[in-house]
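Report on the following structure.
The values are calculated or read from the model by the stated rules, or taken from the named source; none is laboratory data. Only a predicted model underlies this, so the values are computations on that prediction, with no experimental measurement involved. No Cβ is skipped: glycine too gets one built from the backbone with ideal geometry, and neighbour counts run over all protein chains shown.
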Amino acid sequence: MKSLKRLFALLKLFSGGALPTLLFMGCLCALGPSAYAYPRTPDDLIEISCGEENQNARKILIAYDTIHGSTAEVAERIGTELCARGFQVDVRLAVHVSDIDRYDAVIIGSAIYEFNWLPGARSFIKKNRKTLAALPVAYFIVCSALYDDTPENREAVREAFVDPVLAEYPDIKPVSMGLFGGAVDFNTNQYTFFEKVVLKILGKLIGFTDHADWRDWEYISAWTHEVGALLQEGEYVMYENQEWNVRGILK
Ligand SMILES: Cc1cc2nc3c(=O)[nH]c(=O)nc-3n(C[C@H](O)[C@H](O)[C@H](O)COP(=O)(O)O)c2cc1C
């Protein structure tokens, strides 16, 4: 017990920013299982289609991956807001998508676990890389590292979680990259023992006990509207090593 307290004290010393937290979680998670990536309960899976009333509208696919549903809720919100803007949208778990040929644009989202995108989102990108390279694509991620949404944390998150994907798939040049805080909830989510241990330690580091929700819905809406405007006007810039603005739109 005493040594655990010392460990927490030591970790607190290093918890001034997102990067140490991320590094710590990455190391810890490397010791744990990572093959459990599928929505844990039926409630954690959200698949909707909307915008059928928008005749001749552009069709957007939102393909996402989640375990505990917070990313599914973000995907759903993005989808319904894009439909309200005049698009037709399918929101699907990435591993359930078999064909992306009929879409005019694709938004790909993943929760971050163990320092990485979830396997369903990664395999979706890999499988469809050729088609995605020819389409307007936007990425978004949902993670606890943005518990404190500061420019420094955004930068650390971008470097840790976005740059590796951009480097792995250079032919896919996203028009935008949404960086969103995530959520944890011991009351409603069905965590494994391993996940509980990770989250208890994270809770000590960043200050929550049984639940926290860092999703900033206004920010998510603002991002969605900016991406929607880009796709509507068809005047998007594709990624070529340039900077993103504060909302993850290319400058
Ligand atoms: C076992 C575990 C590992 C996690 N690893 C990370 C991580 O490496 N970096 C991070 O920023 N967040 C991490 N998180 C936090 C999740 O990204 C966050 O809770 C997210 O909202 C979960 O998304 P979901 O509800 O869609 O599954 C982790 C959470 C758990 C339970």
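Would you confirm, using the coordinates I've provided, whether ARG77 is farther than 14 Å from GLY228 by Cα and touching a helix residue (DSSP H, G or I) at 6+ places or on another chain (Cβ under 9 Å)?
On the way: farther than 14 Å from GLY228 by Cα: no; touching a helix residue (DSSP H, G or I) at 6+ places or on another chain (Cβ under 9 Å): yes.
When the stated conditions are applied, ARG77 does not pass them.
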Selection from segment 191-206 of residues more than 10 Å from the ligand (Cβ to nearest atom) and among the basic types (Lys, Arg) yields LYS200, LYS204
Are any of the residues in segment 232-243 among the hydrophobic types (A, V, I, L, M, F, W, C), on the phi < 0 side of the Ramachandran plot and crowded, with 18+ Cβ neighbours inside 10 Å? no
Hey, any hits in segment 89-105 for a residue that's closer than 20 Å to VAL184 by Cα, among the small types (Gly, Ala, Ser) and either touching a Lys or Arg at 6+ places or on another chain (Cβ under 6 Å) or buried (at least 18 other Cβ atoms within 10 Å of the Cβ) (or both)? no
With respect to the numbered conditions (1) within 16 Å of the ligand (Cβ to nearest atom); (2) among the charged types (D, E, K, R); (3) within 30 Å of GLY86 (Cα to Cα), which one is the sole condition not fulfilled by GLU243? (1)
Could you identify the single residue in VAL184, VAL197 that is among the β-branched types (Val, Ile, Thr) and either buried (at least 18 other Cβ atoms within 10 Å of the Cβ) or closer than 29 Å to ASP101 by Cβ (or both)? VAL184
What tally of residues in segment 144-181 results from selecting those that are within 10 Å of the ligand (Cβ to nearest atom) and surrounded by fewer than 17 Cβ atoms within 10 Å (Cβ to Cβ)? 0
In segment 235-245, what residues are touching a residue at least 12 places away in the same chain (Cβ under 8 Å) and either out of contact with any helix residue (DSSP H, G or I) (no Cβ under 7 Å at 6 or more places or on another chain) or of a type in the set (Asp, Glu) (or both)? VAL237, MET238, GLU240, TRP244
Exactly one condition in (1) surrounded by 15 or more Cβ atoms within 10 Å (Cβ to Cβ); (2) among the acidic types (Asp, Glu); (3) modelled with pLDDT of 95 or more is false for GLU218; which is it? (1)
Here are some residues: THR188, THR209, THR224. Which one is hydroxyl-bearing (Ser, Thr, Tyr) and within 13 Å of the ligand (Cβ to nearest atom)? THR188
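Within 14 Å of the ligand (Cβ to nearest atom), on the phi > 0 side of the Ramachandran plot and not hydroxyl-bearing (Ser, Thr, Tyr), is that true of GLY69? Lay out the reasoning, then the answer.
On the way: within 14 Å of the ligand (Cβ to nearest atom): yes; on the phi > 0 side of the Ramachandran plot: yes; not hydroxyl-bearing (Ser, Thr, Tyr): yes.
Against the criterion (within 14 Å of the ligand (Cβ to nearest atom), on the phi > 0 side of the Ramachandran plot and not hydroxyl-bearing (Ser, Thr, Tyr)), GLY69 qualifies.
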Lone unmet requirement of (1) within 19 Å of SER110 (Cα to Cα); (2) outside any strand (DSSP E or B) for PHE180: (2)
Counting only residues that are within 13 Å of the chain's Cα centre (by Cα) and not in a helix (DSSP H, G or I), which one in segment 153-177 is farthest from VAL74 (Cα to Cα)? SER176
